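The values are calculated or read from the model by the stated rules, or taken from the named source; none is laboratory data. Values in this document were obtained by computation on a predicted structure and should not be read as measured data. Cβ sites come from the backbone with ideal geometry, for glycine too, and all protein chains shown count toward neighbours. Side chains are part of the model used for accessible areas, which takes the heavy atoms of the whole protein and leaves out ligands, DNA and RNA. Shrake-Rupley method; radii C 1.70, N 1.55, O 1.52, S 1.80 Å.
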Amino acid sequence: MSLESFFSRPAVAVARDLIGALLSVEKVGGIIVETEAYEPDDPASHSYRGQTSRNRAMFGQPGRAYVYRSYGMHWCLNFVCLPGSAVLIRALEPTHGLDRMAVRRGTTQPRLLCSGPGRLTQALGVDGSMDGLRLDEPPFVLTLASSIHPVATGPRIGITRAVEYPWRFGLVGSPYLSCRFPDVGMTA
DNA sequence: GACTCGATTTCCT
DNA sequence: GGAAATCGAGTCG
């Protein structure tokens, strides 16, 4: 399956299927263990009120990066799906370039390298210059999971609207999640 | 133009 | 558990 067709689906489906995929930026990265979906008709989504200069990439081609600044200090990395929808990458299990991550993050504790959207972008060196770039070309390498993983679902983190949508997905049992999932909503 | 507030992290008490 | 740090897009006037 091409990346374009993989991402030409609703963000909720893509977010679930991304769990277990390998993501790296300039050879630094790991296994995706936590994602969140944002849809066009979703009050918590940047695309909810239509296209703007910031969220322009969300309305572009599927399979591209959408990178934006959060709280004036962090970058957040998303993968664009159907127009106006995207998947926020919230946590990785670090597998490649741990030394470079440690320098960027200022810690060697594996759990603190990529567990959280802001930590992950800092560890991988993702910034606004990568907004709109293809995920199947340098500096990105994305290898989709070859097998099905047990995935937990739950409410998204850190938002104020549509808090009830269970659009957060995580690899069951991973110690690298940004925070625990409720014990409900778990599926195989 | 000015103001508000966030898809967060860290450090302090 | 709580607040600071930090800034630009979005909103309103």
Seminar exercise, completed: Those residues of segment A:148-166 that are in contact with a strand residue (DSSP E or B) (Cβ under 7 Å, 6 or more places away or on another chain), closer than 13 Å to A:Ser45 by Cα and open to solvent by 50 Å² or more (accessible area, probe 1.4 Å) come to a total of 1
Exercise. Restricting the first residue to segment A:47-62 and requiring it to be more than 10 Å from DNA strand B (Cβ to nearest atom) and aromatic (Phe, Trp, Tyr), which pairs with a second residue that is open to solvent by less than 90 Å² (accessible area, probe 1.4 Å) and in a loop (DSSP other than H, G, I, E, B) meet a Cβ separation below 6 Å and a spacing of at least six or different chains?
Worked result: A:Phe59/A:Pro83; A:Phe59/A:Gly84
For this session: Mind listing whichever residues of segment A:60-71 are more than 8 Å from DNA strand C (Cβ to nearest atom) and either surrounded by fewer than 18 Cβ atoms within 10 Å (Cβ to Cβ) or of a type in the set (Asp, Glu) (or both)?
Result: A:Gly60, A:Gln61, A:Ser70
For this session: Please indicate, with yes or no, whether at least one residue in segment A:124-138 is hydroxyl-bearing (Ser, Thr, Tyr), on the phi < 0 side of the Ramachandran plot and open to solvent by less than 70 Å² (accessible area, probe 1.4 Å).
Result: no
Problem set entry | Close pairs (7 angstrom Cβ cut-off, 6 or more residues apart or separate chains): assigned to a helix (DSSP H, G or I) in segment A:114-125, open to solvent by 10 Å² or more (accessible area, probe 1.4 Å) and of a type in the set (Lys, Arg) anywhere | A:Pro117/A:Arg90; A:Arg119/A:Arg105; A:Gln122/A:Arg104; A:Gln122/A:Arg105; A:Ala123/A:Arg104; A:Ala123/A:Arg105
Problem set entry | Among the candidates A:Ala91, A:Ala86, A:Ala21, A:Ala44, residue that is out of contact with any helix residue (DSSP H, G or I) (no Cβ under 6 Å at 6 or more places or on another chain), buried (at least 24 other Cβ atoms within 10 Å of the Cβ) and under 19 Å from A:Ser178 (Cβ atoms) | A:Ala91
Problem set entry | Candidate set: segment A:103-113, residues that are open to solvent by less than 60 Å² (accessible area, probe 1.4 Å) and assigned to a loop (DSSP other than H, G, I, E, B); chosen: the one farthest from DNA strand B (Cβ to nearest atom) | A:Leu113
